[in-house]
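Some notes on the structure that comes next.
The values are calculated or read from the model by the stated rules, or taken from the named source; none is laboratory data. What you see is a predicted model; the values in this text were computed from it and never measured. Heads up, the Cβs are rebuilt from the backbone with ideal geometry, glycines too, and the neighbour counts pull from every protein chain shown. Surface accessibility is based on the protein's heavy atoms, side chains included, excluding ligands, DNA and RNA. Shrake-Rupley method; radii C 1.70, N 1.55, O 1.52, S 1.80 Å.
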Amino acid sequence: MLATGAHITKEKDLNAHIEGFVAQLKRRQIQGSYNVALATAQLLLRVVSAARWTHIDQLVTQIKILGKRLQGAQPRELACGNIIRRVLALIREESEDTNGSESGDGVANSPLITSMFSLLSTNDEYGANRLSQSLMDGTGKSIKKDLKPYIIEGIQELIDELRNIDESIASMGVEMIHENETILTPTPNSKTVLKFLLRTAQKRKFTVLVVEVFPNDVEKTHEFALKLAEAGIETTVITDAMVYSIMGRVGKVVLGTHAVLANGGLLASAGAAMICQCANVHRTPVVVCTGLYKLSPMYPFDVESLIEVGDTGKVLAFEDGSLVDKVNVVNPLYDYVPPESVDLCITNMGGYSPSFMYRLVLDHYRQEDATL
Amino acid sequence: MGPKKTGQGNKTKVSKQPSQQNATQEDTNQEERLQAIVLSDSYQTRFQPLTLETPRCLLPLCNTALLEYTFEFLALAGVSEVIVVCCAHADQIKEYIAHSRWSNPSSPFTIETVLSPESVSVGDAMRDLDAKGLITSDFLLVSGDIVCNVPFDKVLAAHRQRRAKDKNAIMTMVLREASPLHRTRARAESAIFVLDEQTNQCVHYEEVKTRKHMQQISLDPEIFNKHTDLAIRNDFIDCHIDICSPDVPALFTENFDYNHIRKDFVHGILTSDLLGKTIFAHVVTDNYAARVRSLQTYDAVSKDVISRWTYPITPDSNLLADQTFQYQRGHIYKEEDIVLARSCRINSCTVIGAGTAVNDGTVITGSVIGRRCKIGKNVSIQSAYIWDDVTIEDDAIIESAIIANGAVIGTSSRVAPGAIVSYNVKIDSNVTVDGNKRLTRYLGDGHKRVDKDAVGEHGDGYVYEDDSEAEEDDDYEEIVNSSGLVYNMASLNASDTSFSTTSADQMHRKTRRRRVSTASSNTMASEDSDEDSFLREAQASVERAIAENHDLDIAALELSTLRMAKNAQFHDVRAATIAALIGRISHLINSNTLKARAAVESVLNQWGPLFRRQVFDQADQIDFLLLVQRDCTRRMQGSTILLHAINCLYDQDILEEESILKWWQAPQSKEDADMVKVGELVPRWLEWLTTAEEESDSE
């Protein structure tokens, strides 16, 4: 009796925690793909450690339902859904591992998901077959091995990966930036880009032009530029309008991004699309720094439904009554950058061409989880 | 778990945490904790007849109850304890809160509802709160109808910093800058703030009456001596978001004639020089803050929410758990499960709730449509607010109107701009509802009424006439004109602009010749008459207190209220009290009830402490002694009374030795024969005083 009582209060606590998290997401108290991803992973860790299941499918549905709620709280923040899908893939993998070794013919059945080329051999039909098979023999024997510690360990690893992501990206900077090169970056709110540049500056000497990105990120731009300047990098802040005239002198455009879509397209801060177009005209390479958690299995069929529209007050001063009354103002926070505009994506797994992104998607997510 | 009754009568606790745990929390983070008082009632009748059936704070704004926006703001501001003061429709509000997510354990603050059924103004509610003793620290005072996304940490930090420096900085008002004719400003309630440019201290507050073509405001010349840079501003949206210290409810209790937080309280505190309390303003130049205080601002704030000035508090944040709004280009918000005919047109700035069906050929522009509405063919809806479960039949035309829950608009009917169709009213086919009409079906007095002229042959409902406001407020016409959904630009705008220019002019002139204007004869004359009436009334009040043997505190309170009401000086208060007390003493002596010394002691021992609240420094004491001396000249045995009075008050420590000596040396104490005569016994007493002093020194 006591034990179940304690369990119930624990569950209540967890529910309250989830509700609080959803409310915070709605209020945009947690914002930015990194923060959302980390918070989601930590929440999932709690959920999985508190969850009880007799069959792994129950856990999967439970997490899918949770994922739908979280996604609904900030529908245009893809990182949340990405982490949910990563965890789902992890659970499925663990369960398949154990089932595979139980049935004996481990060698033939063991999924070779660790290498991306193995995906060529695993197709949907195969996965579905295996699932129904596991369902069939799962009911009889249930699960002998407790998966919980393995899943928890997996999520822990994911959290560690999130925390160290900038490190692994930054270490590739030396290969990307030459001595005395001029770098232009239009995404000063990206921590990844900041670390990338700071780390590279230890080995190379280069100039950075920071684009102001009016109206949403002006203050962040100045902070960003200050940090670069303090590290001894020659830094200039330029207005958005100057980008085209200065592009001829720029060696590389380094871009942070909000999300990477399955086709290799980006959702980056508003204005980035224009800058990438401009870079394309000048044949200036565009390099994107992104953690894998930003990679989403979504395709941009309806771009507008992916772009968050922000505070109107940043574009037009609210005190100007005559304008407020007569003008409709829209302040999109992000731009869709088509994959053709991007030359290289640097991830924590290495550098890839945008056209290769779909493979990474297949590597990290399961087809079954594409829609939560 | 239902609401459970606690000891304090009608106070219901919805918070799930046991109170003990609360108490320990209070101890641990006294600094961090922030209380908020939400006044759920507006104490106004602007939204009638809608508010006959629902409290204003539960009216839907963009399909979400107004109260949700307030709570959302409080959650963003980091409030940890919310007290909702309910008055009208208290049961509905309590029910709503009990079933909302705010009383769940996941809520960022604990929530408590307090009934204050007798209150008819903000002042009453504050006095009630003070009596209940619920306020322990600085708190946030808001009404239940604000929409705001100002990040509050800075405002709060600034307030706390000021408080730490000066305990008398009792209040910080949050003001949003906006041009004078901004749509989100409530036209009927604009006000002038005089702020110190450097410290943002508010030194004067004056309400503006638009209709009366206010030409000038008068400022105390003292203000110009104390502050070097003053800004006189008429460009604020004042949404009554205040951070108050616990002194504020106490001051309301002390001054029981204060009702309105601005025009009585702020104005009163700033114009009275005795309290020494200061009020500051925090001017917000970005982010959004507004209050739905009239139909005109309801319209404006709805538009602001739709066009995302209030981000992240927008419809697509789906504040309520069951909402499923999605944003589309052009500020269109649609919930799931909507049926839209192929040929209907949804134009920009529109919100449509779940379960609504829109038929062929209908055009909807800049409107809010609630849930489960049925909208027929070829209907035209423009800038209208249509709440839940409304049926609009074919070919109807609705412009800038509010159609409340369950109403039916018949075929080919027209609802003109500014009209309000309240709950469940039925309008027949081919009827035109005029713009100034407010239709309702509310059966306040029990019998059913139907105005066939207004709602048609088969309709249901009657024209609501607001009589209460007309009686008590002579600005009725102004309020109707300016607070309606459709603002009568032509008639009122001009007056507002002309006001702001003339007043600015006037003020410039005023500052230049401020010395002249304060000395001008007509102001003096009016002040004189005020003083006279004050003296008479104050004296009568003290006499009454003595005759009826009132409590000392009550007598003191009565005096200070009178002083505030008449804007009198302390000098006058002292004069009045002295006249009353010495009158009493000489009455006792003359009627042979007591000997002079006993009479003085009996009266002054009981009532002397009154002077503690009237006499503060040495100058006051000298002034006081002169007044006593002057008064005694009119009495029999004046010199004896004077001597004993001085002795008695000296013993009570109201008078200091030094000031008595200074008084005696002052030329005014010997300016005419009467004064000299009455003071004949004083030198002996002074001699005794100095010798006593020396003796005690030598010891």
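Treating only the Cβ of Lys, Arg, Asp and Glu as charged (+1, +1, -1, -1), what charge dipole size does chain A show about its Cα centre? Round to the nearest 20 debye. Walk me through the intermediate numbers first.
Details: 36 positive and 44 negative charges, 98 e Å.
Computed about the Cα centre, the dipole is about 460 debye.
Ignoring chymotrypsin sites (Phe, Trp or Tyr not before Pro) that are buried or in helix or strand per DSSP, and keeping those with at most 16 other beta carbon atoms within 10 Å, what is the longest stretch of chain A between them? Longest stretch, sites excluded: A:54-300.
Which entries in the list B:K154/B:K226; B:K303/B:K426; A:K294/A:K314; A:K26/A:K64; A:K12/B:K334; A:K10/A:K148 go over 22 Å, if you measure between the two C-alpha atoms of each? Could the numbers behind the result be given before it?
Working: B:K154/B:K226 27 Å; B:K303/B:K426 27 Å; A:K294/A:K314 26 Å; A:K26/A:K64 19 Å; A:K12/B:K334 33 Å; A:K10/A:K148 17 Å.
Table pairs above 22 Å Cα-Cα are B:K154/B:K226; B:K303/B:K426; A:K294/A:K314; A:K12/B:K334.
Tell me the relative contact order for chain A as a rounded percent, counting alpha carbon contacts under 8 Å between residues six or more apart. Numbers along the way, then the final one.
Details: 554 pairs, mean separation 65.0, N = 372.
Once divided by the residue count of chain A, the mean separation gives 17 percent.
With respect to chain A, whose longest principal axis is taken over its alpha-carbon atoms, helix A:191-201 is tilted by about 60°.
Each residue of the stretch A:179-189 is assigned a 3J(HN,Hα), and the resulting list reads 5, 6, 7, 9, 10, 10, 10, x, 10, x, 8 Hz, derived from the Karplus form 6.51 cos²θ - 1.76 cosθ + 1.60 (θ = phi - 60°), x at Gly and Pro.
Which trypsin sites (Lys or Arg not before Pro) does the stretch A:274-372 hold that lie in a coil by DSSP with at most 15 other beta carbons within 10 Å? Walk me through the numbers on the way to the answer.
On the way: sites: A:R283, A:K294, A:K314, A:K326, A:R359, A:R366; in loops: A:R283, A:R366.
In loop regions of the stretch A:274-372 (DSSP not H, G, I, E or B), the sparsely surrounded trypsin sites (Lys or Arg not before Pro) are A:R283.
Is chain A best put as rounded, prolate or oblate by its Cα gyration tensor, with a ≥ b ≥ c the root eigenvalues, rounded for a/c under 1.5, and otherwise prolate when a/b is larger than b/c, oblate when not? Verdict is prolate for chain A. Rounded if a/c is under 1.5, else prolate if a/b is larger than b/c, else oblate: which is the stretch B:304-396, with a ≥ b ≥ c the root eigenvalues of its Cα gyration tensor? Cα axes put the stretch B:304-396 in the prolate bin. The simple Förster model, with R0 at 60 Å and r as the Cβ-Cβ distance, assigns A:N35 and B:F256 a FRET efficiency of 0.70.
Using +1 on the beta carbon of Lys and Arg, -1 on that of Asp and Glu, and nothing else charged, what's the dipole of the stretch B:638-678 about the Cα centre, debye to 20? It would help to have the intermediate numbers written out before the result.
Details: 3 positive and 8 negative charges, 39 e Å.
The calculation lands at about 180 debye.
Over the whole of B:94-106, what's the average partner chain Cβ count within 10 Å per residue? Rounded to a whole number, please.
Details: counts 0, 0, 0, 0, 0, 0, 0, 3, 1, 0, 5, 7, 11.
The shielding value for this peptide is 2.
Could you compute how much accessible area chains A and B hide from each other, both sides summed, with a 1.4 Å probe? Nearest 100 Å² is fine. The partial results should precede the final answer.
Working: alone 18510 and 31360 Å², together 47150 Å².
Separately minus together, A and B give about 2700 Å² buried.
Taking label positions 7 Å along the Cα-Cβ direction at both A:S168 and B:D337, the computed distance is 4.4 nm, reported to one decimal. Each label point was placed 7 Å from the Cα along the Cα-to-Cβ direction; for B:K374 and B:A666 their separation is 8.5 nm.
Ranking A:L266, A:Q202, A:T235 by Cα position along the charge dipole of the stretch A:171-369, where only Lys, Arg, Asp and Glu carry charges on their C-beta atoms, puts A:Q202 farthest toward the positive end.
Of the solvent-accessible surface of the stretch B:594-669, computed with a 1.4 Å probe and all protein chains present, 51% belongs to carbon and sulfur.
Among the GluC sites (Glu not before Pro) within the stretch B:105-189, which fall in a DSSP loop and have no more than 10 other Cβ atoms within 10 Å of their own Cβ? Before the final figure, lay out the partial values.
On the way: sites: B:E112, B:E118, B:E177, B:E189; in loops: B:E118.
Passing both the DSSP loop test and the Cβ count: B:E118.
Quick one: of the DSSP bridges fully inside the stretch B:30-141, what percent are antiparallel, nearest 5? List each step's numbers first, then the result.
On the way: 2 of 17 bridges.
Here the antiparallel bridges make up roughly 10 percent for the stretch B:30-141.
Modelled spin labels at B:Y650 and A:R249, positioned 7 Å past Cα toward Cβ, are 8.9 nm from each other.
Restriction of the trypsin sites (Lys or Arg not before Pro) in the stretch A:19-87 to DSSP coil positions whose beta-carbon has at most 15 other beta-carbons within 10 angstrom yields A:R52. Simple rule: put +1 on each Lys or Arg Cβ and -1 on each Asp or Glu Cβ in the stretch B:525-698, find the dipole, and look at B:L594, B:A538, B:F624; the Cα lying farthest toward the positive end is B:L594.
For the stretch B:329-464, what proportion of DSSP beta bridges, expressed in % and rounded to the nearest 5, is antiparallel? About 10 percent, rounded to the nearest 5. Residues of the stretch B:322-336 whose accessible area (probe 1.4 Å, heavy atoms of protein chains only) drops by at least 30 Å² once all protein chains are present, relative to their chain alone: B:Y327, B:R329, B:H331. Heavy-atom surface analysis with a 1.4 Å probe gives chain A a carbon and sulfur content of 55 percent of its accessible area. Start at zero, step by 10 Å, and the Cα-Cα distances of the stretch B:525-698 spread as 10, 38, 37, 14, 2, 0 percent across the bins. The charge dipole of the stretch A:171-369, taken about its Cα centre with unit charges on the Cβ atoms of Lys, Arg (+1), Asp and Glu (-1) only, comes to about 840 debye. Using the Karplus relation 6.51 cos²θ - 1.76 cosθ + 1.60 with θ = phi - 60°, the per-residue 3J(HN,Hα) values for the stretch A:21-32 come to 5, 4, 4, 5, 4, 5, 7, 6, 7, 10, 9, x Hz, with x marking Gly and Pro. In this structure the amide hydrogen of B:I338, modeled in the peptide plane, comes within under 5 Å of the amide hydrogens of B:G355, none closer than 5 places in sequence on its chain.
Across the stretch B:252-269, coupling constants 3J(HN,Hα) worked out from phi with the 6.51/-1.76/1.60 Karplus curve, θ = phi - 60°, read 4, 5, 5, 10, 6, 8, 6, 10, 8, 5, 9, 6, 9, 5, 4, 4, x, 4 Hz, and Gly and Pro carry x. Computed over chain A with a Gaussian network model linking Cα atoms closer than 10 Å, the most mobile of A:T235, A:T347, A:T98 is A:T98. Counting only other chain Cβ atoms within 10 Å of each residue's Cβ, the peptide A:222-235 averages 0. Each of the peptides B:313-323, B:403-413 was scored by the mean count of other Cβ atoms within 10 Å over its residues; in descending order, highest first, they stand as B:403-413, B:313-323. Here A:K68 and A:E304 are evaluated by their C-beta separation; at R0 = 25 Å the FRET efficiency comes out at 0.70.
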